[in-house]
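Everything on this sheet refers to the single structure shown next.
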Amino acid sequence: MSIETRTFTIDRDNVSLGEAVFRALCQALENGVYRAGDRLREDEVAQRLNVSRTPVREAFGRLMAKGWVQPAGGRGLIVRSLDQNDILELYAMREILEGAAARLAAQYAAPAEIAALRDIHARFASGEGDAAELARLNRLLHGAIQRAARNRYLDSALADMHVAISLLGSTTFAAEGRPATAAAEHGELIEALAARDPDRAERVARAHIREALRTRLGMTLTA
């Protein structure tokens, strides 16, 4: 699918135009509208979002500061590709953050939130859907845990983490056997949350991310 046919939109509600463009571009990266190696141009993004080039230029500066894009030859930016060192650093921090989210969620999640997690897990574990659908359900599940943690500073850190993870491209659920092991790990994590056991929840969440890293590195080596 070409970049031109991948759509994304802007939400201008209660934020500056520069912030709205930045959020739209972050969402576009996370959703695969722009992928590693794709070029970003001010005029093209401005036209697609129906804004002037000034807020786009501001958003591009913030994307560069995050390390998600880099200058391309000539004009514009290019979406970064992450190497193995980037992956190791990223997953080391992801393990810490996801562990913290699980610990807090075990303390603060409402019964309705636990029930919602069980529903998402049931859909994930059903074996239906392709790798992309499993990745979508996985984002829903981890997002629900994040919200249940009730910590806006953690929200901000994890939001950046999700964008960075998207730069890796293909999901680990494309690897043979990973959907089944991830389903088992999700189930164990939800039970720890339901039992209000912060220590166990953090331990399971961190082990889950370590297993995701092991799968990711295996995919990288065989690519």
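The values are calculated or read from the model by the stated rules, or taken from the named source; none is laboratory data. Here the structure is a predicted model, which is why all the values come from computation and not from measurement. Glycine gets a Cβ as well: all are built from the backbone with ideal geometry, and neighbour counts include every protein chain shown. Accessible surface is based on the protein model in full, side chains and every heavy atom, while ligands, DNA and RNA are left aside. Shrake-Rupley method; radii C 1.70, N 1.55, O 1.52, S 1.80 Å.
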Subject >> segment 107-120 residues that are of a type in the set (S, T, Y), paired with ones that are open to solvent by 50 Å² or more (accessible area, probe 1.4 Å) (beta carbon under 6 Å, 6 or more apart) >> reply: Y108/R150
**OP:** Would you check if Y91 is under 15 Å from the mean Cα position of the chain (by Cα) and part of a helix (DSSP H, G or I)?
**Re:** yes
**OP:** Please work out which residue is modelled with the highest pLDDT, limiting yourself to segment 1-34 and to residues that are in a helix (DSSP H, G or I) and more than 18 Å from S156 (Cα to Cα).
**Re:** L17
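Conditions tested, residue by residue: (1) at pLDDT below 95; (2) in contact with a Gly (Cβ under 8 Å, 6 or more places away or on another chain); (3) over 30 Å from R23 (Cβ atoms).
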site	(1), (2), (3)
G143	no, no, no
Q146	no, no, no
N151	no, no, no
A183	no, no, yes
A192	no, no, yes
A205	no, yes, no
T220	yes, no, no
Original post:
How many residues are surrounded by 15 or more Cβ atoms within 10 Å (Cβ to Cβ), aliphatic (A, V, I, L, M) and in a helix (DSSP H, G or I) if we restrict to segment 59-73?
Top reply: 2
Original post:
So G37 clears everything in (1) open to solvent by 30 Å² or more (accessible area, probe 1.4 Å); (2) at negative phi; (3) of a type outside the set (S, T, N, Q) except one condition, right? Which one?
Top reply: (2)
**OP:** Please specify each residue of segment 35-46 satisfying the condition of being in a loop (DSSP other than H, G, I, E, B) and of a type in the set (A, V, I, L, M, F, W, C).
**Re:** A36
Original post:
Under 9 Å by Cβ, and 6 or more places apart or on different chains, what pairs join a residue from segment 128-150 that is at positive phi with one that is open to solvent by 70 Å² or more (accessible area, probe 1.4 Å) and part of a helix (DSSP H, G or I)?
Top reply: G129/R123; G129/R136; R150/Q107; R150/Y108
Subject >> Verdict on I96 being open to solvent by less than 70 Å² (accessible area, probe 1.4 Å), among the β-branched types (V, I, T) and part of a helix (DSSP H, G or I) >> reply: no
